[in-house]
Amino acid sequence: MVNNKKWLDILNVDTFINGERILEGLTLKLYFSQNTVILGPNGSGKSTLIRLIDRSIYPVVKSDSHFRLLDTDHFGLKDIRQNIGFVSNEFISRIRTNTKGWQVVGSGFIGSNTVEEGNLSMKQISHIITLLNYFNLEELQQKEFFNISDGEKRLLLIARAMVNNPRILVLDEPTSNLDIRAKHQLLALLSKLSLKGLTLLHVTHNVDTIINEISNVVLLKNRKIFKVGSVHSILNSKNLSELYDTPVKLKRFQDTWYLLPNATRETKD
């Protein structure tokens with residue numbers, strides 16, 4: 001059941017990077033307990049939206065716009081770190097190859113790419129071990145990051161994002177370049193976390209990674225909101241053909257969405 005309390009409230013926001021407009025007139029409301037997927041082609045502004053949320057970039061200040069996070073205008077990095085966990089493939093490149101699994105997870109406490117045991121309390125160390133056990137990653141505790149698989153790296157990043165017991169988990173293309181086993185394992189974990197009450201924001205361009213617990217869909221195109229609404233109302237062949245500017249056919253089989261080429265340009269389901 002969707003909570004009526006908004007965790008993200010954006011009105012008419014523009015964003016520029018190096019003088020180039022990346023998002024234009026963005027208006028979006030997301031609610032606690034509402035799991036959302038953001039779909040769009042490359043360059044549509046998906047990752048920029050995440051950067052707005054984690055405050056690595058800022059919106060243009062205008063009199064007719066606002067950007068509210070966690071139901072307030074007044075929030076800081078500490079508030080974000082305590083309430084929102086972020087999983088980004090880009091972060092992998094920042095982790096030193098000899099960093100051990102427990103250090104990757106523990107670095108989430110201080111917002112860095114590693115941490116030393118002396119910088120953590122016994123309670124924090126215990127929590128790291130609990131998370132590794134919960135995610136079935138005990139064997140990675142002492143393994144160096146360089147020596148584990150891509151799938152294991154992603155799971156460690158999710159565990160890292162969970163160290164502060166956030167209410168929201170934001171994921172940017174979490175299954176990118178994973179083999180089928182690792183992808184299914186990660187998606188099953190997201191379902192498990194959602195069922196325990198975690199709110200998900202999943203950014204992707206692959207419909208086959210949309211889990212059953214997703215209820216809300218945002219389509220981004222040309223750096224603007226194209227469509228937003230329920231899975232039932234938004235996920236169809238017509239909308240996705242327009243989103244990607246190519247004729248496609250959307251199918252669903254055994255709880256998984258598939259996007260197929262449609263050479264006839266027929267977009268009716």
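The table that follows gives values for the structure above.
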read-out: Filter pass, GLY106 being modelled with pLDDT under 90, surrounded by 13 or more Cβ atoms within 10 Å (Cβ to Cβ) and not in a strand (DSSP E or B); value: no
read-out: Tally of residues being among the acidic types (Asp, Glu) and surrounded by 15 or more Cβ atoms within 10 Å (Cβ to Cβ) across region 209-251; value: 2
read-out: In region 62-117, the residues that are free of Cβ contacts under 8 Å to residues at least 24 places away in the same chain, touching a helix residue (DSSP H, G or I) at 6+ places or on another chain (Cβ under 9 Å) and of a type in the set (Asp, Glu); value: GLU116, GLU117
read-out: Residues located in region 150-180, provided they are closer than 17 Å to LEU195 by Cα and assigned to a strand (DSSP E or B); value: ILE168, LEU169, VAL170, LEU171
read-out: Only listed residue being assigned to a helix (DSSP H, G or I) and at pLDDT below 95, chosen from GLY118, GLY111; value: GLY118
read-out: Matching residues, region 79-99, being more than 14 Å from the chain's Cα centre (by Cα), surrounded by fewer than 17 Cβ atoms within 10 Å (Cβ to Cβ) and over 19 Å from PHE32 (Cβ atoms); value: ILE92, SER93, ARG94, ARG96, THR97, ASN98
read-out: Boolean, VAL13 is more than 21 Å from THR209 (Cβ to Cβ), of a type in the set (A, V, I, L, M, F, W, C), touching a Pro at 6+ places or on another chain (Cβ under 8 Å) and without any contact (Cβ under 8 Å) to a residue 60 or more places away in the chain; value: yes
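The values are calculated or read from the model by the stated rules, or taken from the named source; none is laboratory data. The structure presented is a predicted model; accordingly, all values stated were derived computationally and were not measured. Positions of Cβ are backbone-derived with ideal geometry, glycine not excepted, and every protein chain shown enters the neighbour counts.
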